[in-house]
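Worksheet for the structure shown next.
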Amino acid sequence: MVAKKIRNAIEILERLTGDDPELREMIAEETMNAQVASLESDEDVATAWNLEIAQRVKEIRSGRASGTSADEVFAELRREKLFGKADGPRSSGLAEVE
């Protein structure tokens, strides 16, 4: 039953978009984003972030990851604001697992 619904949705999408795969991808992405957003509640997001933060702290404390200091992150942001995107690889400010 689900497979048939998926096939029907794909057929409708193909009829709407014709031979434009870019448009098809945009519609599919927006549909997926809407579905994900409808499933997430604020509590779910907070729980997921709390788990992610706990995992990152554990990795930093164990020495498996290193963080980027706030001073480094803000310096990078100032450079980007003044000079555009920084040259070379950028730090995300997130812990990096070694």
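Data table
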quantity: Where a residue in the stretch 53-78 is surrounded by fewer than 11 Cβ atoms within 10 Å (Cβ to Cβ) and its partner, wherever it lies, is of a type outside the set (Ser, Thr, Tyr) and assigned to a loop (DSSP other than H, G, I, E, B), with Cβ under 9 Å and at least six apart; calculated: Gly63/Glu98; Ala70/Gly93
quantity: So Asn33, is it within 16 Å of the chain's Cα centre (by Cα) and either modelled with pLDDT of 85 or more or not assigned by TED's automatic domain parsing to the domain that holds Gly67 (or both); calculated: yes
quantity: Residue count, the stretch 39-63 (criterion: at pLDDT 90 or above and among the basic types (Lys, Arg)); calculated: 1
quantity: Complete set of residues in the stretch 38-52 that are part of a helix (DSSP H, G or I) and surrounded by 10 or more Cβ atoms within 10 Å (Cβ to Cβ); calculated: Asp44, Val45, Ala46, Thr47, Ala48, Trp49, Asn50, Leu51, Glu52
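The values are calculated or read from the model by the stated rules, or taken from the named source; none is laboratory data. Note that this is a predicted model, so its numbers are computed, not measured. Neighbour counts run over all protein chains shown; Cβ positions are idealised from the backbone, glycine included.
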